1. Just give me the residues in segment 131-141 being in a helix (DSSP H, G or I) and either without any contact (Cβ under 8 Å) to a residue 24 or more places away in the chain or more than 13 Å from G167 (Cβ to Cβ) (or both), in sequence order.
2. List the number of the failed condition for C411; all other conditions in (1) modelled with pLDDT of 85 or more; (2) part of a loop (DSSP other than H, G, I, E, B) hold.
3. Listed residues V380, V314; which is at pLDDT 90 or above, of a type in the set (A, V, I, L, M, F, W, C) and closer than 26 Å to V116 by Cα?
4. Checking the condition part of a loop (DSSP other than H, G, I, E, B), touching a Gly at 6+ places or on another chain (Cβ under 6 Å) and not acidic (D, E), which residue from G333, G350 passes?
5. Pull up segment 353-384, narrow it to residues that are β-branched (V, I, T) and under 14 Å from S414 (Cα atoms), then point me to the one that is surrounded by the fewest Cβ atoms within 10 Å (Cβ to Cβ).
6. Restricting segment 51-72 to residues that are over 22 Å from I302 (Cβ atoms) and surrounded by fewer than 18 Cβ atoms within 10 Å (Cβ to Cβ), which is nearest to the chain's Cα centre (by Cα)?
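The values are calculated or read from the model by the stated rules, or taken from the named source; none is laboratory data. Keep in mind it's a predicted model, so treat the numbers as computed, not measured. Every residue, glycine among them, receives a Cβ derived from its backbone with ideal geometry; neighbour counts consider all protein chains shown.
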Amino acid sequence: MKLPALPNSLSLSRLGTNEHTIMAVLAFAVGIGGGYGAIGFRHLIDFFQSIAYGSSESLLEVVKTLPWYLRILLPALGGMVVGPLVYFGAREAKGHGVPEVMEAVALRNGFIRKRVVVIKSLASAITIGTGGSVGREGPIVQIGSAIGSTIGQLLHVSADRMKILVGCGAAAGIAATFNAPIAGSMFALEIILGDFGLATFSPIIISSVTATAISRHYLGDFPAFLVPQHKMVSFWEFPFYLGLGLFCAVIAVIFIKVLYRTEDIFDELKFPEYLKAILGGAALGAMSLLFPHLLGVGYGAIDQALMGLSAWWVLLLLIPFKILATSITIGSGGSGGIFAPSLFLGAMAGSLFGMGVHTLFPELTATPGAYGLVGMAAVVGGTTHGPLTAILIIFEMTGDYKIILPLMTTCIISTVAGRQMMRESIYTLKLIRRGIDIRAGKEVNVLKSIPVKEVMNPNVETLTESLTMEQLADIVSKSKHNSFPVLDEDGNLTGMLSYIDYRDAVFDENLKDLVVVKELASSKVVTVTLDDNLFDALEKISVRDFSLLPVVDSNNPKKLIGILTRRDIIGAYTRAVVKKSLFIRPGEK
């Protein structure tokens, strides 16, 4: 049954209450939806895992009982289902999901298609349930955000309210998934919205707390990882934690680069897009023959590392293998998050680093598990560039306050070093590769998305160098332009003649036969090519206050192809805004 659409003129503030109360009620509703969405998503993963592997217990133990061919076959079968589901259902459900939410907030006023809730839930649950080497936090962020966006669309809220509701959904999803209400709130504020104002903060907290309460009611109040208590043994450990921060930053940057390079490799394969996930699943299954730790979210392997139950060589090898496994899962078309893989890498790297320093300085250092805990936050900070979220989520997931000082230090070092090595985070780099810079704003990204070749006018009014002022006056009187490209006898672009250049000479009777265009035209021509975008073109027009720009061949800057005017750019921008639905369209699915 389809709900009747509310009139566009409906204003929630007309219900007789203030803005904060309205947003509190809406945030509470989103928190309920996000909380139950997270619980339902976890049960959905268990359901598909039970179908695939016959048990919903930790894959690390279940997989060891399977014959080798099933280890390869089951992830491939998962890819066979997920590939077409995402390709034909909702392509934004591919990958880790958080960049899509960030894009929706920055460019589409928080508008997310309603079908994303269903497609993302199924695709990610099947990917993870059949062994995909990804996490569940990215999908639940996208699912929770889609729930918030859907509620906003049904009530026709304003753009500002819609963005907050999307953030509420993201916070609710993270909080319910990890039993971490503070970290969930910080994730939404720091990464999704980038806004710590009171008007934003309060609804986010309400949603996060509501979702956590629901999660605890059904799943219990337990930290995500059960680890022994750790503490700093001495002040002299701080240099070691600084070194760990740098080590984790390097791993984070390698993870980001390998992930997107793997995506490029799969994109270049001459193979149907919706079938590539089968190849990725088979490759992942083959790697699991050596290391079953790679399958699923990997919490079992993390627990072993933190408890000191893994050999150093296992920890060492799991780092590159996990990077490759997650990159193949996502790059081939699977659906899942990168947060859990980041935690996995941090636990392995930190525990390995801790083994080394504890062996060398046993009386000055804590056990390797302490460094594993800190390493988890450090790699998350290095990949997401969200140090506050990383610090708080590890603190809440472990319930261990004694490790907070090295945790803060190492995470900040990793984040700062990671930013120095790579400007973009694992989330924003995906958007940058699409030509979207969320820091630049909506207008810039719209213009950057439109190439010059789609807008330029190939019909160009040109002047030859030998034209006299009398001839020029006749052309100007009939033209709709006041600036003209100047060509030589061979048709090569040699200059530009603007109104300022000829305004005095063209109407001077004494000069009409004495001065030619070549003498007045500027030889310093500012041009654009077919592959430039409208943002670059607008900058060039604005700096010199031109009325038009010549469009030239990128291989031959003297070959004139067309012209681009300021009016062309403004018109293209207006059409793109409507076409790309950057403003919410009520009723769209």
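1. Within segment 131-141, the subset in a helix (DSSP H, G or I) is 137-141.
Passing the criteria: E137, G138, P139, I140.
2. It is condition (2) that C411 fails.
3. On the way: V314 fails: closer than 26 Å to V116 by Cα.
Only one candidate qualifies: V380.
4. Numbers: G350 fails: part of a loop (DSSP other than H, G, I, E, B).
Sole residue among the options that is part of a loop (DSSP other than H, G, I, E, B), touching a Gly at 6+ places or on another chain (Cβ under 6 Å) and not acidic (D, E): G333.
5. We begin by selecting, within segment 353-384, every residue β-branched (V, I, T); these are 357, 359, 365, 367, 374, 379-380, 383-384.
Retained after the next criterion (residues that are under 14 Å from S414 (Cα atoms)): 374, 379-380, 383-384.
On the way: V374: 33, V379: 31, V380: 31, T383: 31, T384: 25.
My answer is T384.
6. Narrowing segment 51-72 to residues over 22 Å from I302 (Cβ atoms): 51, 54, 67-70, 72.
Among the residues that remain, those that are also surrounded by fewer than 18 Cβ atoms within 10 Å (Cβ to Cβ) are: 51, 54, 67-70.
Numbers: I51: 32, G54: 34, P67: 38, W68: 36, Y69: 35, L70: 34 Å.
Only one residue fits best here, namely I51.
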